[in-house]
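Right, one structure below, let's go through it.
The values are calculated or read from the model by the stated rules, or taken from the named source; none is laboratory data. Remember, it's a predicted structure, so these values are computed and weren't measured experimentally. Here the Cβ is made from the backbone with ideal geometry for all residues, glycine too, and neighbour counts use every protein chain on show. Each accessible area value is taken on the protein alone, full model and side chains, heavy atoms only, with ligands, DNA and RNA left out. Shrake-Rupley method; radii C 1.70, N 1.55, O 1.52, S 1.80 Å.
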Amino acid sequence: MQAKTSTGIPMGSSGPHAVQPLPDKPRFGKAISESDIAAWNIDIRTPDGAGLPPGRGSVADGQKVYAAKCAVCHGPDAKGGSVYGTMVGGIGSMNSSPRVLTPGSMYPYAPILFDYIRRAMPMDRPQTLTNDEVYALSAYLLNLNGLVPASAVMDAQSLPQVQMPNRAAFLRDDRPDTQATRCMTNCK
């Protein structure tokens, strides 16, 4: 006779359970394919823009995307809104107090702007912008900071060419513990 709950549902057996033999070696999932990795491999090497995807966007297109998807948090013309402060100005303020942290003042390389927007914006829907939208937003914000003309079009070739005003203010970290050599077999 099998035990039942008060509503008549059969309860599990409390007797001995069969022990399942362990396999020779653990089996954790399956090998990952290059196409599976591609969706996650979106990093961009910032000095030269290696890894920037295909696409392009103009300052004018960026202004439209900004108005539709960014202004609610960042305010009109990126000068600060209900959620975030300004993204314009601050050039030359890294060595002063207070610092004004904007893409024009704190990024040593323009591809960092693309990388950040693509990964993190919009805040409530990260990674939903198309590559063209991200290039356009990058162009628009760089224009607002006076770094590219209103006629600028950003793509994988032009974005790394933008000279960021604070590039020389960053120091290369040459401590020995910051270097890593990738090793997959016979590592020493």
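State all residues of the stretch 44-75 that are of a type outside the set (Val, Ile, Thr), touching a Gly at 6+ places or on another chain (Cβ under 8 Å) and crowded, with 20+ Cβ neighbours inside 10 Å; if no residue qualifies, say none. Quick ask: steps written out before the conclusion?
Taking the stretch 44-75 and keeping what is of a type outside the set (Val, Ile, Thr), we get 45, 47-58, 60-64, 66-71, 73-75.
If we keep only those that are touching a Gly at 6+ places or on another chain (Cβ under 8 Å) too, we end up with 45, 71, 73-75.
74, the sole residue that qualifies.
Name the residue that is modelled with the highest pLDDT, counting only residues in the stretch 145-172 that are of a type in the set (S, T, N, Q) and surrounded by 12 or more Cβ atoms within 10 Å (Cβ to Cβ).
Among those residues, the one meeting the criterion is 158.
Would it be correct to say that residue 142 is in contact (Cβ under 8 Å) with a residue 12 or more places away in the chain, within 13 Å of residue 88 (Cα to Cα) and open to solvent by less than 10 Å² (accessible area, probe 1.4 Å)? Show your work before the answer.
Details: in contact (Cβ under 8 Å) with a residue 12 or more places away in the chain: yes; within 13 Å of residue 88 (Cα to Cα): yes; open to solvent by less than 10 Å² (accessible area, probe 1.4 Å): yes.
Yes; evaluated as a whole, the condition is true for this residue.
Could you tell me which residue of the stretch 76-114 is nearest to residue 143 (Cα to Cα), considering only residues that are in a helix (DSSP H, G or I) and open to solvent by 30 Å² or more (accessible area, probe 1.4 Å)?
Restricting to residues being in a helix (DSSP H, G or I) and open to solvent by 30 Å² or more (accessible area, probe 1.4 Å), the top hit is 77.
Consider residue 110 against the criteria (1) hydrophobic (A, V, I, L, M, F, W, C); (2) modelled with pLDDT under 95; (3) in contact with a Ser or Thr (Cβ under 9 Å, 6 or more places away or on another chain): it satisfies all of them except one. Which criterion is unmet?
Result: residue 110 fails condition (2) only.
When only residues in the stretch 42-75 that are of a type in the set (Ser, Thr, Tyr) and not in a loop (DSSP other than H, G, I, E, B) count, which is nearest to residue 157 (Cα to Cα)?
Applying the first criterion (of a type in the set (Ser, Thr, Tyr)) to the stretch 42-75 yields 46, 58, 66.
Now drop any that are not not in a loop (DSSP other than H, G, I, E, B), which leaves 58, 66.
Working: 58: 14, 66: 22 Å.
Going through the qualifying residues, I end up with 58.
Going through the stretch 96-133 one residue at a time, which ones are of a type in the set (Gly, Ala, Ser) and more than 20 Å from residue 146 (Cβ to Cβ)?
97, 120
So residue 41 ticks every box in (1) loosely packed, with under 10 Cβ neighbours inside 10 Å; (2) modelled with pLDDT of 90 or more but one. Which box is left unticked?
(2)
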